[in-house]
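Every number in this text was worked out from the coordinates using simple rules, so none of it is lab data. Since the model is a prediction, treat every value here as computed from it, not as a measurement. Cβ placement follows ideal geometry from the backbone for every residue including glycine, while neighbour counts extend to all protein chains displayed.
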Amino acid sequence: MSTTNSEALLHEAPIGTVASLRLGIVGPMLGVNPGWVTTQGEVLAGLLSDEGYPVRVTSHIPARLPRLVDTLRSIYAWRGGVDLVIHQIFSGPAFVINDLSSLLCRALGLRQIYVLHGGSLPEFAVARRRWVRRVLRRADAIVTPSGYLASVFAGAPELAARIRIIPNSLALEEYPYRHRPTVRPRLLWMRTFHPIYHPEMAIDVLADLRRTYPEATLTMAGQEKGMHEQIQAKVRQMGLADAVRFPGFLGPEEKAREFAAHDIYLNTNHVDNMPVSVVEAGAFGLPIVATRVGGIPYLLSDGESALLTPDGDVGAMVAAVRRLLEEPGLASRLSANGRVLAEGCAWESVRVRWEALFQEVAHA
């Protein structure tokens, strides 16, 4: 996907072709900014553009208030130039942008698809039930990446009838697979340094594991969101500075290099939905150990595609890592099945679901 401004057209296709439906994708399209993670909205925009769909996107601005202004300005500028708007829906303050942008789309007579994101959305939807349902009722269709978020609205028939499950997508050719028939205690953690991702748990797991595997190492990569210095200080206090690396935010090339150099992926989240980073680990062939929270049990099968442990239970996660190191055949099975999981998110499969949904919404 090429870098564009908020109103730019990513691809132009002749009207009348299969991909002539003109799309606008609205959300935090922040991956073009240095140090920011490429969002699924950006991934989807690039993939649909490559298929020939005319795609406009907004907004690339990180700060929420300027992003809101840019988003509304862009949508208004699109009038007459798009047929369908795809909103990336998040909880918290970002939901204000979703509310106002979808309201403007409705006023302009645009059809709308919502894509739900984030493990915090269920709690948010309960706490602000009337607001969330009022906004979601504006959608012609609602997409969730797994059955987890779909289950949240099962008690609201008018919303449940609009929900379609379409997994997050990977460009699988960018994830070279290496099968791990056996593994060494080379641990990788790659999320965001924020409390909901519980990065300190990975340090505690390493410290416990090194009692029996003194050669164990840990690499912690990701975007800084307020905890990076705290985690580094914890590493020093525990005497683990020689065993823990912090390579920072990983671009595609750095990501491929780091995953290739490690054998076990740790996912320590308190809250989760369908984390792309976990699917990426499976695509690269790393056996996964993850906390059993949110949408994780909808994504991963314990003992088959990952080992799942209780939230915050360091001892259980250490025991799971030891199983991978010591139990014959376990790492091999998880490595192979993780790749199968990732293949289910390959664009060739996901594209068919999106195009079916476009047909459904366009001809409703």
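Could you tell me the calculated FRET efficiency between A77 and A362, based on Cβ-Cβ distance and R0 = 30 angstrom, to the nearest 0.05?
0.85
Would you look at the GNM of the chain, springs on alpha carbons closer than 10 Å, and say which of P93, P247, P310 moves the most?
P93
What is the sum of charges around V152, taking Lys and Arg as +1, Asp and Glu as -1, for the other residues whose C-beta is under 12 Å from the C-beta of V152?
So the environment of V152 carries a net charge of +1.
For R164, list long-range residues whose amide hydrogen, built 1.01 Å from N in the peptide plane, is under 5 Å from its own amide hydrogen.
I142, V143, T144
Rounded, prolate or oblate: which fits segment 110-154, taking a ≥ b ≥ c as square roots of the Cα gyration tensor eigenvalues, rounded meaning a/c under 1.5, else prolate when a/b beats b/c?
oblate
With a ≥ b ≥ c the root eigenvalues of the C-alpha gyration tensor of segment 173-343, is it rounded (a/c under 1.5), prolate (a/b larger than b/c) or oblate?
Verdict is rounded for segment 173-343.
Taking amide hydrogens as modeled 1.01 Å from N in the peptide plane, which residues meet the under 5 Å criterion relative to T309, leaving out close sequence neighbours?
Under 5 Å from the amide H of T309: A290, T291, R292.
For the chain, what's the relative contact order in percent, using C-alpha pairs closer than 8 Å and at least 6 residues apart?
Relative contact order here is 15 percent.
Rounded, prolate or oblate: which fits segment 237-276 when a ≥ b ≥ c are the square roots of the eigenvalues of the alpha-carbon gyration tensor, with rounded for a/c under 1.5 and prolate only if a/b beats b/c?
Oblate shape, in that a/c is at least 1.5 and b/c is the bigger or equal ratio.
I need the phi-derived Karplus couplings for segment 251-268: 6.51 cos²θ - 1.76 cosθ + 1.60, θ = phi - 60°, integer Hz, Gly and Pro marked x.
x, x, 5, 5, 4, 4, 5, 5, 5, 5, 8, 10, 10, 9, 9, 9, 10, 9
Whole-Hz ³J(HN,Hα) for each residue in segment 174-189, computed from phi via Karplus 6.51 cos²θ - 1.76 cosθ + 1.60 with θ = phi - 60°, x for glycine and proline: what do you get?
8, 10, x, 8, 10, 5, 10, x, 9, 9, 10, x, 10, 8, 10, 10
Provide the net charge surrounding D204, with neighbours chosen by a C-beta distance below 14 Å and charges set as Lys +1, Arg +1, Asp -1, Glu -1.
Result for the neighbourhood of D204: -1.
Amide H neighbours of Q112 under 5 Å, counting only residues 5+ apart in sequence or on other chains, H built in-plane at 1.01 Å?
The answer is V85, D140, A141.
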